[in-house]
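So the structure is just underneath, and the comments pick up after that.
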Amino acid sequence: MSADPRSEGWSALSPEGARYPAPAYAWYVVVVLLIVGITSYLDRYLIALLVEPIKADLAITDTQISFLQGSAFALFYVAFGLPFGAIVDRASRRTILVVGIALWSVMTFACGLATSYWQLFIARAGVGIGEACLAPAAYSLIADYFPPRQRGRAMSTYNMSNYLGVGASLLLGGIVLRLLGDAPQVSLPGLGPTITWKAVFFIVGLPGLLLAGLMATVREETRKGAQVAAKPTFGQFFAHLAAAKGAYTAVYVVSALTAFVGLTFATWGASFFIRTYGMKPAQVGLTLGPVNALAGVLGCLASGAISDRLVASNRAGGRFLVPLIWWPIALVGLLALAVAPTKETALMAVAFLTFGSGLGLASVPPTIQDITPNRLRGRAISLHFIFSGLLGMGLAPTLIALVTDHVLHDPGALRASLLIVLVPVIIAGFLAGLAGRRAYERARRPQ
């Protein structure tokens, strides 16, 4: 006998008969993961607000700073992603997260200790290694706490951490910069005189260690759904991908291009407003941070509601229809940003873009879960973040910088750089979404 998990007091049954935890506890786990996720994105993107002071202090170019924002983090995030995904499919996801949180928090603090470009590069690499475990462990855990028809909302709620974290990195960074003032150095207890941008890393990084203890309060949930083996191999994983290669190719291409567009604004958004409208870093953080957070959260919530409705209504294509809504939003938002005469209208354009980005990105994890057996989900999600990391965190920031430095030869020409790089990506993403619908539907409901 099946039961509705929204009305069951202690447990619920899926259509396949699997028992799920009480909804209240399941949502507690989502909230804990949301807080952890916010902190991870805060640590990851804090550097975006500090581009100008870091460039001045270390005497580096836009291209070099783009490596710190992108490649230094992304290459190691990607390199450790699939191994962590394999561990997630075999071991306690809670334990993996506790260790990962502690590692990336320590490495964020270490960013403030850096006295050279390469020291900062290595510290950023450490942040990437620590955070590589988060997404595969979190999404795999959530999938075992919620039945399929509720996963869209649960995963979209967790996915809000992306936008809340980026917003928090801007807002909290802006608050800290405002409190520290315009002085090149500040005095911190136990550290003495400290360069202001380094102090921001110290203040933000160290409290993250407390989250490792919070994560330890979460119970490791029993794995549910289709199983392929007690300890699946990479051979089984790649065989599964090959059996539905059209669907996975479509999902990974669309999701990677979505990340490319969304993460471009996460890394260069603050500098765009500083250079185009003459805003101070603290002012950008205090204004752009809340806009990013609110618009992204609304996009994620809308994505979860829409994708769950598509599954419940049995629409052909299921959740994979959501990106077809996002790509037109991306194009309109980008063009609006390109012609925005004031910072206020530019903020409205960014809000529209960020809402659409949340709509598209939040649909990806449940879209992958719907076509992947339980014991392969860690690897499947890891592969998504590998492709998204390579394009969104690795290539996107650097490509914008290369166009600015070597094509336009003008640091103030970010508006033109964004158009040159992103318009072709948006068109390609929309076409990939259209082309992949039937393949995804076949994988979702095999005959």
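The values are calculated or read from the model by the stated rules, or taken from the named source; none is laboratory data. Predicted, not measured: the structure shown is a model, and the values here were computed from it. All Cβ positions, glycine included, derive from the backbone under ideal geometry; neighbour counts span all protein chains shown. Calculation scope for accessible area: heavy atoms of the full protein, side chains included, ligands and nucleic acids excluded. Shrake-Rupley method; radii C 1.70, N 1.55, O 1.52, S 1.80 Å.
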Could you say which residue among Arg315, Arg375 is out of contact with any Gly (no Cβ under 8 Å at 6 or more places or on another chain), in a helix (DSSP H, G or I) and open to solvent by 40 Å² or more (accessible area, probe 1.4 Å)?
-> Arg375
By residue number, the members of segment 133-149 that are surrounded by fewer than 24 Cβ atoms within 10 Å (Cβ to Cβ) and either over 12 Å from Lys224 (Cβ atoms) or hydroxyl-bearing (Ser, Thr, Tyr) (or both) are Arg149
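So that you can scan it fast, the table gives a plain yes or no per residue for (1) modelled with pLDDT under 90; (2) part of a helix (DSSP H, G or I); (3) not hydrophobic (A, V, I, L, M, F, W, C):
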site	(1), (2), (3)
Leu361	yes, yes, no
Met393	yes, yes, no
Asp405	yes, yes, yes
Asp410	yes, no, yes
Arg437	yes, yes, yes
Ala443	yes, yes, no
Among the numbered criteria (1) open to solvent by 30 Å² or more (accessible area, probe 1.4 Å); (2) touching a helix residue (DSSP H, G or I) at 6+ places or on another chain (Cβ under 6 Å), which single criterion is violated by Ala59?
-> (2)
Taking Leu361 as the residue in question, decide whether it is in contact (Cβ under 8 Å) with a residue 60 or more places away in the chain, within 19 Å of the chain's Cα centre (by Cα), closer than 19 Å to Pro397 by Cβ and open to solvent by less than 40 Å² (accessible area, probe 1.4 Å).
-> yes
Of the residues Ile381, Ile386, which is modelled with pLDDT under 90 and open to solvent by less than 10 Å² (accessible area, probe 1.4 Å)?
-> Ile381
crowded, with 16+ Cβ neighbours inside 10 Å and either in a strand (DSSP E or B) or at positive phi (or both): does that describe Tyr20?
-> yes
Condition met for Gly213 (open to solvent by less than 30 Å² (accessible area, probe 1.4 Å) and assigned to a helix (DSSP H, G or I)) | no
Whichever residue in segment 318-354 is touching a Leu at 6+ places or on another chain (Cβ under 9 Å) and outside any helix (DSSP H, G or I) and, among such residues, is nearest to Tyr277 (Cα to Cα) | Ala340
Subset tally (residues that are more than 19 Å from Val166 (Cα to Cα) and either open to solvent by less than 10 Å² (accessible area, probe 1.4 Å) or among the charged types (D, E, K, R) (or both)) for segment 344-358 | 1
Do you know which residues across segment 83-126 are touching a residue at least 12 places away in the same chain (Cβ under 8 Å) and assigned to a loop (DSSP other than H, G, I, E, B)?
-> Asp89, Arg90, Ser92, Gly112, Leu113, Ala114, Ser116
Could you list, in sequence order, all residues of segment 407-444 that are open to solvent by 80 Å² or more (accessible area, probe 1.4 Å), farther than 19 Å from Gly360 by Cα and free of Cβ contacts under 8 Å to residues at least 24 places away in the same chain?
-> Val407, His409, Ile420
Looking at segment 392-402, which of its residues are among the aliphatic types (A, V, I, L, M) and crowded, with 24+ Cβ neighbours inside 10 Å?
-> Met393, Ala396, Ile400, Ala401
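Conditions tested, residue by residue: (1) modelled with pLDDT of 90 or more; (2) over 17 Å from the mean Cα position of the chain (by Cα).
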| site | (1), (2) |
| --- | --- |
| Val127 | yes, no |
| Ala135 | no, no |
| Ala138 | yes, no |
| Gln150 | no, yes |
Would you mind stating whether Arg309 is of a type outside the set (Val, Ile, Thr), open to solvent by 10 Å² or more (accessible area, probe 1.4 Å) and not in a helix (DSSP H, G or I)?
-> no
Only one of these is in a helix (DSSP H, G or I), touching a residue at least 12 places away in the same chain (Cβ under 8 Å) and open to solvent by 10 Å² or more (accessible area, probe 1.4 Å): Thr264, Thr249. Name it.
-> Thr249
Among the residues listed as Ala259, Ala282, Ala270, the single one being open to solvent by 10 Å² or more (accessible area, probe 1.4 Å), touching a residue at least 24 places away in the same chain (Cβ under 8 Å) and assigned to a helix (DSSP H, G or I) = Ala282
When Leu414 is run through (1) at pLDDT 90 or above; (2) farther than 14 Å from Val253 by Cα, the failure sits at (1)
Within segment 121-143, is there a residue that is closer than 23 Å to Arg379 by Cβ and among the hydroxyl-bearing types (Ser, Thr, Tyr)?
-> yes
